[in-house]
Ligand SMILES: Cc1cc2nc3c(=O)[nH]c(=O)nc-3n(C[C@H](O)[C@H](O)[C@H](O)COP(=O)(O)O)c2cc1C
């Protein structure tokens, strides 16, 4: 089983990465294969609502969004990490997640997932809230930890001193491994997937 950990920071080896490494170690300790994927240091654009992905399953813009879409069939769980920018995920990560979920939500359904954030000081819960909405919307079982999934720091060395933040990350990794093992055991013993209803679209409330 494999978990893809997506680093939405422009810093390839910064604070978000340091938090993801702690999750990764806990996953690997429990026999789960991992990959940390960096969305890149250049700005990642947002969705232009062209509908092209509805026809091809890929975004019309060839960048790291499509690289992740190609990896999804081999991935059993996902962790999305972002630094806090003005109490939100950074603009690139928002653009990345808008386009990934619009193009490939169906390929992520029923895969356990979580979000993590890093901040110098504040805005973490608002940032987590924004990121969690993608998972809630996509039938992705949400993996918990012992507190909200945040670390604090301006540089990786700060994060390494955030003992509570690191514990939250490790616990997230242990819990993700456990959920993946439970889901596999369920599948092997014949537990059926949940019933799926035809999607109802009510664009306004009368
Ligand atoms: C444009 C910008 C906005 C930021 N806004 C916030 C903020 O609202 N709250 C905060 O605590 N830190 C803020 N920060 C600091 C980063 O969130 C923090 O340093 C983070 O740990 C960096 O993670 P990284 O090394 O993975 O990029 C901001 C940084 C930048 C560049």
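Just so you know, all these numbers are worked out from the coordinates, no wet-lab data involved. Values in this document were obtained by computation on a predicted structure and should not be read as measured data. All Cβ positions, even for glycine, are placed from backbone atoms using ideal geometry, and neighbour counts span all protein chains on display.
Can you tell me which of 72-80, 159-167, 45-53, 114-122 comes out highest on packing, and rank the rest after it, using the mean Cβ neighbours within 10 Å?
Working: 72-80: 19.0, 159-167: 16.6, 45-53: 13.7, 114-122: 22.4.
Going by the mean number of other Cβ atoms within 10 Å, highest first, we get 114-122, 72-80, 159-167, 45-53.
Computed over the Cα atoms of the range 1-65, what is the ratio Rg over Rh, Rh following Kirkwood?
Values: Rg = 14.8 Å, Rh = 13.6 Å.
Taking Rg over the Kirkwood Rh, I get 1.09.
Between residue 196 and residue 71, what's the calculated FRET efficiency when r is the beta-carbon distance and R0 is 30 Å? Round to 0.05.
Working: r = 24 Å, r/R0 = 0.81.
So, using R0 = 30 Å, E works out to roughly 0.80.
Among 129-135, 31-37, how do they line up by average Cβ neighbours within 10 Å per residue, starting with the highest?
Working: 129-135: 18.3, 31-37: 16.0.
Highest-to-lowest ranking by the protection proxy: 129-135, 31-37.
Whole number please: convex hull volume per residue, Cα atoms of the range 155-206, in Å³. All intermediate terms of the calculation are to be shown ahead of the outcome.
Values: hull volume 9.5 nm³, N = 52.
Convex hull of Cα atoms, per residue: 183 Å³.
Rounded, prolate or oblate: pick one for the range 2-188, where a ≥ b ≥ c are the square roots of the eigenvalues of its C-alpha gyration tensor, a/c under 1.5 means rounded, and failing that, prolate if a/b is larger than b/c, else oblate. Please report the intermediate quantities before stating the final value.
Details: a/c = 1.77, a/b = 1.13, b/c = 1.57.
Here the range 2-188 falls in the oblate category.
What FRET efficiency would be calculated for the residue pair residue 60, residue 106, taking the C-beta separation as r and a Förster radius of 25 Å, to the nearest 0.05?
Details: r = 18 Å, r/R0 = 0.72.
With a Förster radius of 25 Å, E is 0.90.
Which value in nm describes the separation of the simple spin-label points at residue 205 and residue 167, placed 7 Å from the Cα toward the beta carbon?
4.1 nm
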